[in-house]
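The next block holds one structure in the form of structure tokens; read it before the comments.
The values are calculated or read from the model by the stated rules, or taken from the named source; none is laboratory data. This one's a predicted model, so the numbers in the text were calculated from it and none came from an experiment. In case anyone asks, the SASA skips ligands and DNA or RNA and just uses the protein heavy atoms, side chains included. Shrake-Rupley method; radii C 1.70, N 1.55, O 1.52, S 1.80 Å.
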Amino acid sequence: MRPSTLHALQRAAELTRAGRFVKAMATAEPVILTADPDESQEIAQWLTEHADDFVRKPEER
């Protein structure tokens, strides 16, 4: 996964935890939509493995 994609996903998680869901979607959606098939698979795997990032603060995980 490209570093810029990972950064966008991590930022989207931060925004979601802060209750800024619309901004989170605006951050993550472009990288998800432009990903090639291989990166899309990596994104799906990352999202599965990091679902808690979207609901729990780092110190709570």
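Worth a mention:
- Heavy atoms of L47: accessible area, 1.4 Å probe, square angstrom to 10: 60 Å²
- One equal scatterer on each Cα of the chain, no solvent, Debye formula: the resulting log10 I(q)/I(0) at q = 0.16, 0.26 Å⁻¹ is -0.46, -1.11.
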